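For reference, the structure is listed below as structure tokens.
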Amino acid sequence: MTGFYKYACLLFLGVALFSCSAPRHVSYFQNAASFGKQPVEKSYKVNIQNDDLISIMVASKDTDLAVPFNKLNPDGTAYGYLVDAKGEIDFPLLGTLQVTRQTTDGLALLLKKRLISEGYIKDPTVIVRLLNFKVSVIGEVTKPGVFPVSTERITILEAIGMAGDLSIYGKRDKILVVREKDGEREMHYLDIQSTDLLSSPYYYLQQNDVVYVEPNKAKAMQGDYKTRVLPLVLSGVSVLASIASVLILVL
């Protein structure tokens, strides 16, 4: 029974300490009082990558001239061009186009210039959009999952909000962002308790980013309780029940 009391005391002490320190560990932007002001990044854009699905719509005052460049799906929705492993798409009349490492606005400008210079349309308006922009949020959040993003611009705080916020067991100071860029995978930790987060290059997420929220020590203690302490408790109860049964028979 000595071991049981030892684990029970440790568990009680751990819960007590966590309860006292929880507010400090849960709050975001703890140094906000000294933050001041910071310019908002308005020009942030993501680059087109391999396996992206993009729509391209071309318009003109002469609508007949734009028709050949506007492919549609059978249901009438905008056609999605899948960027291949070489970073290319096959566009009507203009042929093969290298589209990776460009923003959607940059590609729209390139197409506009070519349509004019090659004599197809004098006054084209070109709109390029990403159709499969998504981010994944997993780990210690309320609703982990994969979330589509229609605006092509999302911050890590917005992604966490879409996942229902962090659970009480999520580490606020060690949130991992996994990103694929130029054929390589990179990882970076963020601390949402600090306003330094706002100036991080990972504050704005890119398509296919994965956000992982690690469990904190309280979660580990909870797991330790279930795997080590609880069996001891049940074993102790079983022993006491057996002793009680014997005493009843003897008496």
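Yes or no: Val178 modelled with pLDDT of 95 or more, assigned to a strand (DSSP E or B) and buried (at least 18 other Cβ atoms within 10 Å of the Cβ)?
On the way: modelled with pLDDT of 95 or more: yes; assigned to a strand (DSSP E or B): yes; buried (at least 18 other Cβ atoms within 10 Å of the Cβ): no.
So Val178 fails the test.
Pairs, please: C-beta under 8 Å, at least 6 apart or cross-chain, first residue on the phi > 0 side of the Ramachandran plot and in the range 127-147, second surrounded by 17 or more Cβ atoms within 10 Å (Cβ to Cβ) and among the aromatic types (Phe, Trp, Tyr)? Within 8 Å, the pairs are Gly139/Tyr212.
For Asp105, the requirement of being outside the structural domain of Arg185 (by TED's automatic domain parsing), touching an Asp or Glu at 6+ places or on another chain (Cβ under 9 Å) and of a type in the set (Asp, Glu) is not met. Kindly indicate the residue of the range 103-126 that is of a type in the set (Val, Ile, Thr) and within 29 Å of the chain's Cα centre (by Cα) and also surrounded by the most Cβ atoms within 10 Å (Cβ to Cβ) among those meeting that condition. Among residues in the range 103-126 that are of a type in the set (Val, Ile, Thr) and within 29 Å of the chain's Cα centre (by Cα), the one surrounded by the most Cβ atoms within 10 Å (Cβ to Cβ) is Thr104. Just name the residue that is modelled with the highest pLDDT out of those in the range 181-207 that are of a type in the set (A, V, I, L, M, F, W, C) and surrounded by fewer than 17 Cβ atoms within 10 Å (Cβ to Cβ). Across the range 181-207, the extreme among qualifying residues is Met187.
For the range 57-102, the candidate set comprises residues that are small (Gly, Ala, Ser) and farther than 20 Å from Gln206 by Cβ; within that set, the residue that is surrounded by the most Cβ atoms within 10 Å (Cβ to Cβ) is Ala66.
The values are calculated or read from the model by the stated rules, or taken from the named source; none is laboratory data. None of these values were measured; they are calculated from a predicted model. Cβ atoms come from the backbone with ideal geometry, glycine included; neighbour counts cover every protein chain shown.
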